[in-house]
Amino acid sequence: CALTYDQAGLHAAWLDLSTGEFRLATDARAENLLPVLTALDPAELVIMEGALTQWQNAPHEEHAIRALHQFCAARLCSELPGYHFGTASGAQLVMETLGVLNLQGFGLTHEHLALGAAGAVIYYATENLCAKPENLRSLQEYRSTRTLLLDPATLRNLEIFQSARGTREASLLGAIDRNTTAAGSRLLERWLASPTLELPEIIRRQTIVGELLKQPSDLAQVRELLHKVRDIPRILGRLQNRLRNPRELGGVKDTLEQLPTIISCLDQLDAPLVGTHRGEISRLRQRLTDLPALRDLLAAALADTLPNDLQDGNYIRAGYDAELDRLRCLTTDNKSWLAELERTEQERSGIRSLKVRYTSVFGYYIEITKANLAHVPANYIRKQTTVSGERYVTEELKLKEKEIFSAEEKSLARELELFGALVSAVLAESAALTCTAEALAELDVLAGWAVLAREWDYCQPQIDGGEILSISDGRHPVVEQMMKQARLGLAGSYTFVPNDTALSAASAQIMLITGPNMAGKSTYIRQVALITLLAQIGSWVPAKACRIGLVDRIFSRVGASDDLARGNSTFMVEMNETANILNNATDRSLIILDEIGRGTSTYDGLSIA
């Protein structure tokens, strides 16, 4: 991810070379964009020379810049000279890389403020690849107005991606991930990082989950087939960037072999549906493109067992290419000749221990132990002395060695040529394969949610543009699952106790939760936020019934911690986080506060709360 910050705001561009995902974003308010970048958690940042020091020395009251520095300081940063971040040069480099004459087809002008960052990240990727990235086909703009925003504190406090212990277990992601494919898991993380505000898209996802849930046998078959689907986006990325091995093509073949049955399953799922939402599965199915010609080509060309290295050979199936078969026969016949030579020489010399062997250093040779050196035939040419004996060659063996090496070299060269043609055939269908892979990833996520809903008795929430948040018999999605796991090892039986929530912007805007320690207050308020988040990514939710108006932001202020290295006490951290909420919350925001003003007097604490 490349970042720049100026008077116009924060500008970012991020790139996943393995899948070809390429996006940019700009926002006048850095606090709107930082949550998205935190959720993305880039492995490396590209920034201007000196920017990190400049952000570190920003005035204390400039919270956005200090938050930006904190974000960067926690990650690997690479610095580039400032001229790599120019908007005009960035636009030109982006167009050259994408192979377009302008950016209008992507809905962008050449003056977009994040194009400088986009150019910098492409330059950096090109330098590290030693070649232009070949799997970039489009550039998408991220807009915070289309997504529910979760600031870094909320992501941490609600344990969206990681638990408090820093593990995936006991996080929301771990609780709702029922994916069978790597691409599906990545898509789920993207949806959690930037939940949509588009009501039709939320309803579409919910509807497909419901349609899959109604037909459990077909759902089970779809998931079984998805188990055999490989990571097509990353395979295409490696093929396009010349990081190639035979197993990559095997992954494409395996996936193509599942497509006809998956398509047939989706047709069966859609057939009995009636009502206003009929056809959501059909529309998903239409994004799947069966490629029978490519499937048959790969099935005919690739061997059943594929090596991980092109230099190992034997990845092209016998019978696919006549010339390759001829060269392989030469190699096989020559090796049979070597076995016959060993038998003949043993009989001629009377040395039963005589062996014809091979090493990569000396090639083929005849090995005779010291006890039999007196019986060595006169035509043997000594090549090397070893501890146990002598190694010899003959003129006949040297000539045959050249034939073997020549045949093996030509055979491998022919295989490489055939492999290149297969890669070209796959890349010629890259657009259709990419679209199909995206649909399969989405199907994987939604099918996983259907399994989750059935397993834990989730309901379909009613999402609308209203200002009511109503939850009947709601349950914490993570704690409920953790309790069941703990119960398996105990003699007693206990379950999560469901509870209700009723909030309205017009009347009951605030709920004040009181009670003793370990009463479940923190669990309850987090539960409300997590159910809201699940509903807004399109999932069903752990409740008996649920109605939620679209939420633009979720804020949380939870727990007590300090940041003494930056001169912030526990109280100061609380006040900074609370100020962030007060300054950025809107009339459509959901806020959960878990203990405000700890360590102050009763009067001050109540005043702050």
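The mean sequence distance of close C-alpha pairs (under 8 Å, at least 6 residues apart), as a share of the length of segment 97-239, puts its relative contact order at 20 percent. Per the Cα gyration tensor, segment 190-243 maps to an equivalent ellipsoid with semi-axes of 28, 21, 7 Å, ordered largest to smallest. Considering all C-alpha pairs of the chain, those separated by over 41 Å amount to 43%. Mean residue ellipticity at 222 nm, helices only, the chain: -15500 deg cm²/dmol; runs of at least 4 DSSP H residues each add -39,500 (n - 2.57), and the sum is divided by the number of residues. Check the straight Cα-Cα distances from Lys400 and name the lysines below 22 Å, setting aside those fewer than 8 residues away within the same chain. Qualifying lysines at Cα under 22 Å: Lys335, Lys355, Lys383, Lys410.
Does segment 86-126 come out rounded, prolate or oblate by the C-alpha gyration tensor, with a ≥ b ≥ c the root eigenvalues, rounded set by a/c under 1.5 and, if not, prolate when a/b is larger than b/c and oblate if not?
oblate
In the chain, the portion of solvent-accessible area held by carbon and sulfur atoms comes to 52 percent [1.4 Å probe, whole percent, DNA, RNA and ligands not counted]. Relative to its residue count, segment 1-95 spans a Cα convex hull of 101 Å³ per residue. Charged neighbours of Leu422, selected by a Cβ distance under 15 Å, balance to +1 (K, R count +1; D, E count -1). Compared with the direct C-alpha span, the chain from Lys544 to Asp309 gains 79.2 nm at full extension, assuming 0.36 nm per residue. Counting only Cα atoms, the size of segment 125-274 along its three principal axes is 53, 45, 32 Å, in decreasing order. Centre-to-centre separation between the Cα atoms of segment 311-375 and those of segment 509-561: 73 Å. Between the amide H of Leu593 and those of Arg557, distances stay under 5 Å, these residues lying 5 or more places away or on another chain, with hydrogens modeled in the peptide plane.
In this structure the chain gives 48 Å² per residue of accessible area when probed at 1.4 Å with all protein chains present.
Maximal additional length on extending the Val497-Leu373 stretch stands at 35.8 nm, based on 0.36 nm per residue less the C-alpha distance.
What's the long-distance tail for segment 396-486, i.e. % of Cα pairs beyond 16 Å? Taking all Cα-Cα pairs of segment 396-486, the fraction more than 16 Å apart is 78 percent.
Geometric descriptor of segment 85-208, per residue, is 171 Å³ (volume of the convex hull of the Cα atoms). Applying the Karplus relation 6.51 cos²θ - 1.76 cosθ + 1.60 with θ = phi - 60° to segment 523-539 yields 3J(HN,Hα) values of 4, 5, 5, 5, 4, 4, 5, 5, 5, 4, 5, 4, 4, 7, 8, x, 7 Hz, where x marks Gly and Pro. Dividing the mean sequence gap of close Cα pairs (under 8 Å, 6+ apart) by how many residues the chain holds gives a relative contact order of 14 percent. Highest average first, the peptides 471-478, 309-316 ordered by how many other beta carbon atoms sit within 10 Å of their residues are 471-478, 309-316.
The values are calculated or read from the model by the stated rules, or taken from the named source; none is laboratory data. For clarity, every value in this text was computed on a predicted model and none was experimentally measured. Every residue, glycine among them, receives a Cβ derived from its backbone with ideal geometry; neighbour counts consider all protein chains shown. With ligands, DNA and RNA removed, areas are computed over all heavy atoms of the protein, side chains included. Shrake-Rupley method; radii C 1.70, N 1.55, O 1.52, S 1.80 Å.
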